[in-house]
Amino acid sequence: MNIDLSRRGFLKLAGAGVAATSLGAMGFGGAEAAEQAHVRAFKLASTTETRNTCPYCSVACGVIIYSNGDLKAGQEARVVHIEGDADHPTNRGTLCPKGAALKDFVNAETRLTTPRIRRPGAASFEEISWEEALDKIARALKDDRDANMVLTNDDGVPVNRWTTAGYLAASATTNETAWLTYKTVRAMGIVGFDNQARV
Amino acid sequence: MTNSWTDIKNTDLVVVMGGNAAEAHPCGFKWVTEAKANRGAKLIVVDPRFTRTASVADYYAPIRPGSDIAFLMGLINWMIQNDKVQWDYVRNFTNAGLIVRDDFGWNDGLFTGYDPEKRDYDKTSWDYVIGDDGFAQVDMTLEHPRCVWSLLKEHVSRYTPELVEQVCGTPRDRFLKIAEMIGECSAPDRTMTSMYALGWTQHSKGAQNIRGMAMLQLILGNIGVRGGGMNALRGHSNIQGLTDIGLMSNLIPGYLNIPTESEPDWQTYMSSRRFTPLRPGQTSYWQNYPKFMVSFMKAMWGDAATAENDWAYDYLPKLDVPTYDILRMFELMDAGQVNLYFCQGFNPLLSFPNRAKVTSALSRLKLLVVMDPLATETAHFWENHGAHNDVDTASIQTEVLELPSTCFAEDDGALVNSGRWLQWHWSAATPPGQARHDTWIMAQIFLRVKKLYQEEGGVFPDPILNLTWDYADPDEPSPEELAKEMNGRALEDVRDPADPTRVLTARGKQLLNFSQYRDDGTTMGACWIYSGCWNEEGNNMARRDNTDPDDTGAYPNWTFSWPLNRRILYNRASADMQGRPWDPSRKLLEWDGTKWTGYDVPDIAPTARPEEVGPFIMNQEGVSRLFTRGMMRDGPFPTHMEPFESPLANVFNPQMRGNPVARVFASDAEQFATSEEFPIAATSYRLTEHFHYWTKHNRVNAALQPEFFVEISEELAAEKGIQRGGWVRVWSKRGEVRAKALVTGRLKPMQCGDKLVHVIGIPLHWGFMGAARKGFGPNSLTPFVGDANVETPEFKAFLVNIEPATGEAVS
């Protein structure tokens, strides 16, 4: 959700109003244009504000993300600042040393940007296309499932479980990702299924 | 959490034991500060280290790692001996009066029915006496020699202050002072809250640690009330959600269970889930299990799930073991029995015990797929990083795919906080490079597998081909669509059972909540406990009204709290048998003569009379359990067990090692050390500047805490000749780490009987990827064994040795 009434935008308007009024009152009407020309706008005034929550611990502090660019308007957007959300009942605007540095997590140099593959025995990764990577995964899943799916146990009871493939789910993905992951993993019969809560 | 972060402000006493909230949950801990400042609340910390939480506590006591049950049973014993019991609560809201079978007992640290060969109990005797009327027999005077209260009194009588001192190393005067402070909270108008985390779970008897405190809270009357409760401080932002949605080997969303082989058909599966009440007139809400289960099956397989095919019961896998948890999977992997493994935002190379075994296991995979926003150690496990990852790269034949996924700033959806609030968030940034949403990646994998089965046929394709996938864009289901599936919708008109002419929800509409779930296939819903999160009123998880009527801390219109937007679980227990609040100044609910009113959504029916229906609606008894029948593998009461690696023998049974029913694989048993070889107790912990293995990728946090260290006492440093800030080598029977020594007064040797026990602390934030200096984690040292009930690894109590390692360069 973008914040409809931008607090920064409001401040910018109010600030400009004060400057213009006082300059005019002192008889410097002609200076107004020159003043406007060299006063820099607040850096955050042109950003888009978005409500989010901190991805680290389960206090789930509210944060406001400031981006250059508006995703909702179909633009590219890059995070330039993150701060605590003063409206959030739990953290009331405060953040810890981790949450306060969130921007540099989003923009970390070690963020992954391209699919890569490490071949057996190789000493480095090489780039691979999404298409090729996903086809490779699907082929490996299909072949291993067909070879190792346990349809019945020794008593002939249908058990339909697959133990030679396993799936570890995350601790910070959304509920919605979790549900889609659940559907996919369970439909295939994978039982070696866990998330961070196990540890 | 039974309560919420914002409710902590209502407490009189905070007990932090098994956690370090000021360090690990700083902004949540501010509510402790609020309670201290505004109510005069006190804070007690019991921990092996004098932690950051201890530094702001009113009272601190040290405890030897892994001895918490002795401390907690000691507290319960003291409460009973000193009449610090909320009697009306115990009599009416717990099973204290229920009569237990004559053949149940405890001896030499073990309950009746132990089979050392199977490492398991025959739990038949751990049960109530059931009368001819089908109900558990009860003695409300609590004087019957076989009632739960009498048995509990006898069970805890062994845990005297002297025994606590001997086992826990906690000085007797400190234990007694804490007992007195806690005892004050037995008054109906005093409440205590328990805040705990992995300091209690990461033990081979972690579940029993938590039970111990839950029992103490029940005896004090502190469950279901404002400022009370059992508050598990979950470690990650959506670890609660992923567990709720059942992403575990043996779970179905909403805490339903994957069937076992002994349940070959639907009727057998359901026959053990009837949940008939054990006392007259009780709710026993799990009686609705079939509604939740059928609605889940309809969410999965739609029209392919019918009454005729038992709702596609055959599509579900059937387990032959309790769980294929991570320990079992890595054991199988290490034996060459796992070929493919997926890690979605999870870094097992640093998160799972006995790193040498984890590396060996990953090296035997054919294909490892890692989806992560960051370059993790797991994706790079085959890379040689000198001492920090000393592997023979060329010999590792595992193929590894590293797939870039998005992070929180780039996706929409809900995370569930520790207080069960489902909070929606919105994306603010374009994913970097070719990074994609996890939903897109999962859809792409699934659709490709499905296509292969359509084109080639194959083994049992039905559950894949028939999986519901009716999304507007099949290539990337939207968060909105997925959230609505979890809420549930009407497949046919849902009618009022009391008046079938009345349509509650029309066909195709979102269900109001789980009260509209049906077991006849006319509703679908993936996760019943979330139902109500996105009904015809819209996305309730996105609500942002932060008003708080009468400042109760409930914030009832902020997002959505499961279940049914209830903010405090078991809230009916906040009022007495007449429905009057135990503490009028902290009213939560009140019976007005015809219905329940107040600040929260009541957990019993709104018109259920207070003197008739018990507050613990999920239990067949209608009351809470001080004695838990055969529901836990290691006993109906907590009993003291040592860690698998302990400096002391078990005081009740010197022959007994660890938890006598914990699962141990043969190769791991060989790697358990004795205190003769490894005399020093070790524990692991977090630092406030870091979040697990993520923030070392962040330059700011890497600068705040740049370098791995181990924390040791001044006494141990002197004994071993270790310099402050000097290099040390720490090793266990499974591996070694090198680190700088942080010599502090925060750790002290503990006198346990005639043995002086040294404890060292090992923080967990370093690896070989990211912006921080390379370092090690505690998992290079820790034993490969888990809790007997849930298999959470024993990271918090193990044995090591330490020596100075001067002059050695660590890059």
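Computed from the coordinates by the stated procedures, all read-outs in this text should not be read as laboratory data. Quick caveat, the model's predicted, so the values are computed rather than measured. As a convention, Cβ positions derive from the backbone with ideal geometry for all residues, glycine included, and neighbour counts pool all protein chains shown.
For a straight C-alpha distance cut-off of 20 angstrom, the lysines reachable from B:K733 (same-chain residues fewer than eight places away being disregarded) are B:K357, B:K720, B:K796.
Modelled this way, with points 7 Å down the Cα-to-C-beta line, the labels at B:R544 and B:S395 are 5.7 nm from one another. Peptides B:681-687, B:769-775, B:54-60 ranked from most to least packed, by the mean per-residue count of other Cβ atoms within 10 Å: B:681-687, B:769-775, B:54-60. With distances taken between every two different alpha-carbon atoms, chain B has a Kirkwood hydrodynamic radius of 28.1 Å.
Residue-wise HN-Hα couplings along region B:464-469, as the Karplus relation 6.51 cos²θ - 1.76 cosθ + 1.60 with θ = phi - 60° gives them from phi, are 7, 5, 9, 4, 4, 8 Hz; Gly and Pro carry x. Got a sec? Which residues in region B:644-666 would a label at B:D754 touch, if it sits 7 Å along Cα→Cβ and we count backbone N under 16 Å? Of the residues in region B:644-666, B:648-651, B:654 have backbone N under 16 Å from the label point off B:D754. Amide H contacts of B:L233: B:Y196, B:A197, each under 5 Å away and 5 or more positions distant or on a separate chain (H built 1.01 Å from N in the peptide plane; Pro and chain starts excluded). The relative contact order of chain B, computed from alpha carbon pairs under 8 Å that lie at least 6 residues apart in sequence, is 16 percent. Site pair B:E117 and B:D132 shows an inter-label distance of 4.0 nm when each label is modelled 7 Å from Cα along Cα→Cβ. Over region A:116-198, the alpha carbon radius of gyration divided by the compact-protein estimate 2.2 N^0.38 Å works out to 1.33. Using +1 at the C-beta of Lys and Arg and -1 at the C-beta of Asp and Glu, which of B:L504, B:Q217, B:N539 has the Cα lying farthest in the positive direction of the dipole of chain B? Positive-most Cα among the choices belongs to B:Q217.
Give the percent of DSSP beta bridges with both residues in region A:116-198 that are antiparallel, rounded to the nearest 5. Bridges in region A:116-198 that DSSP calls antiparallel: roughly 50 percent. Note on region B:534-617: with charges restricted to the Cβ of Lys and Arg (+1) and Asp and Glu (-1), its dipole about the Cα centre is near 120 debye. The spacing between region B:389-464 and region B:253-275, judged by their C-alpha centroids, is 30 Å. Each peptide in B:275-287, A:133-145, B:244-256 was scored by the mean count of other Cβ atoms within 10 Å over its residues; highest first, the order is B:244-256, A:133-145, B:275-287.
Working from the Cα coordinates of the protein assembly as shown, the gyration tensor eigenvalues give, after taking √(5λ), semi-axes of 40, 36, 34 Å in decreasing order. Only lysines eight or more places from B:K291 in sequence, or on another chain, were considered; those with a Cα closer than 24 Å are A:K183, B:K318, B:K484, B:K509. Ranking of B:Y693, B:Y471 by neighbouring Cβ atoms within 10 Å, starting from the fewest: B:Y471, B:Y693.
Listed values for region B:734-750 are Karplus-derived 3J(HN,Hα) couplings in whole Hz (6.51 cos²θ - 1.76 cosθ + 1.60, θ = phi - 60°), namely 10, x, 9, 10, 10, 7, 7, 8, 9, 8, 9, x, 7, 10, 10, x, 10, and x replaces Gly and Pro.
What the phi angles of region A:72-81 give under the Karplus curve with 6.51, -1.76 and 1.60, with θ = phi - 60°, is a coupling list of 4, 8, x, 8, 5, 9, 10, 6, 10, 6 Hz, glycine and proline written as x. Taking Cα atoms only, the orientation of helix A:7-25 departs from the longest principal axis of chain A by about 10 degrees.
Which whole number gives the average, over all residues in B:431-444, of C-beta atoms from other chains lying within 10 Å of the residue C-beta? Mean inter-chain Cβ contacts per residue within 10 Å come to 6.
Take each residue in B:457-465, count the other chain C-beta atoms within 10 Å of its C-beta, and the mean is 5.
Each helix, a run of at least 4 DSSP H residues, gives -39500 (n - 2.57); summed and divided by the residues of chain B, these come to -6500 deg cm²/dmol at 222 nm. Rounded to the nearest 5, the antiparallel percentage of DSSP beta bridges internal to chain B is 55%.
For chain A, the residue among A:A133, A:A33, A:G93 whose Cα projects farthest onto the positive side of the dipole built from Cβ charges is A:G93.
With a cut-off of 13 Å between beta carbons, the residues surrounding B:K755 carry a summed charge of -3, where Lys and Arg count +1 and Asp and Glu -1.
Other residues with beta-carbon under 9 Å from the beta-carbon of B:M300 carry, at +1 per Lys or Arg and -1 per Asp or Glu, a net charge of +3. Its Cα centre serving as origin, region B:204-297 has a Cβ charge dipole (Lys and Arg +1, Asp and Glu -1) of approximately 420 debye.
Annotation: amide H of B:N789 within the under-5 Å range of B:A207, sequence separation 5 or more or interchain, hydrogens built in the peptide plane. Given +1 at the Cβ of Lys and Arg, -1 at the Cβ of Asp and Glu and no other charges, the dipole of chain B around its Cα centre is 1780 debye to the nearest 20. When every alpha-carbon pair in region B:666-804 is counted, what percent end up more than 25 Å apart? More than 25 Å apart: 29 percent of the Cα pairs in region B:666-804. Farthest toward the positive end of the dipole of region B:657-723, out of B:H692, B:T674, B:I722, is the Cα of B:H692, where the dipole comes from beta carbon charges about the Cα centre.
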